[in-house]
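The structure under discussion appears below in the form of structure tokens.
The values are calculated or read from the model by the stated rules, or taken from the named source; none is laboratory data. These figures come from a predicted structure and were not determined experimentally. Heads up, the Cβs are rebuilt from the backbone with ideal geometry, glycines too, and the neighbour counts pull from every protein chain shown.
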Amino acid sequence: VQLQAFGGGLVQAGGSLRLSCAASRRTFSSLHMAWFRQAPGKEREFVAAVIKSGERTYYVDSVKGRFTISRDNAKNTTYLQMNSLKPEDTAVYYCAANSYLATRYDNRWSWDYWGKGTLVTVSS
């Protein structure tokens, strides 16, 4: 499975960005998808996940109410809509995929496939 994330950029605090992650696999609908992020000098942290059907989503507390993860199985793409961005959201954002959803879905080691990151910079 090859994943490619894009859509990052520079935005002012309070602004919005939408990240996209395109998957190469035709059976995209059989994959659970997630977004993680890594700020300079920090560990990679879980941001959001969506199950393969799209019916259930999970978020880290710090982005609840501001970020929305979604997917379009017809386009083999998952999205992360980020609103009300804060400087502390600045990080490289990575998409991840796996065919099963681990109990510890918020752990980076629970995801088998990763894309290259896309940088999001939020200025104050």
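With the requirement that a residue be surrounded by fewer than 12 Cβ atoms within 10 Å (Cβ to Cβ) and more than 16 Å from Gln12 (Cα to Cα), what does the stretch 86-106 give you? The answer is Tyr100, Thr103, Arg104.
Those residues that are assigned to a loop (DSSP other than H, G, I, E, B) and touching a helix residue (DSSP H, G or I) at 6+ places or on another chain (Cβ under 9 Å), I need them from the stretch 16-45; list them, please. Of everything in the stretch 16-45, those that are assigned to a loop (DSSP other than H, G, I, E, B) and touching a helix residue (DSSP H, G or I) at 6+ places or on another chain (Cβ under 9 Å) turn out to be Ala39, Glu43, Arg44. Restricting the stretch 1-52 to residues that are of a type in the set (Ser, Thr, Tyr) and touching a residue at least 12 places away in the same chain (Cβ under 8 Å), the residue that is surrounded by the most Cβ atoms within 10 Å (Cβ to Cβ) is Ser20.
Which of the residues that make up the stretch 87-124 are out of contact with any Lys or Arg (no Cβ under 8 Å at 6 or more places or on another chain), in a strand (DSSP E or B) and among the aromatic types (Phe, Trp, Tyr)? The answer is Tyr113, Trp114. Scanning the stretch 59-80 for residues being surrounded by fewer than 16 Cβ atoms within 10 Å (Cβ to Cβ) and either outside any loop (DSSP other than H, G, I, E, B) or among the charged types (D, E, K, R) (or both) gives a total of 7.
Is the stretch 36-57 home to any residue that is at pLDDT 95 or above, farther than 17 Å from Thr121 by Cα and hydroxyl-bearing (Ser, Thr, Tyr)? Among the residues of the stretch 36-57, at least one is at pLDDT 95 or above, farther than 17 Å from Thr121 by Cα and hydroxyl-bearing (Ser, Thr, Tyr), which makes the answer yes.
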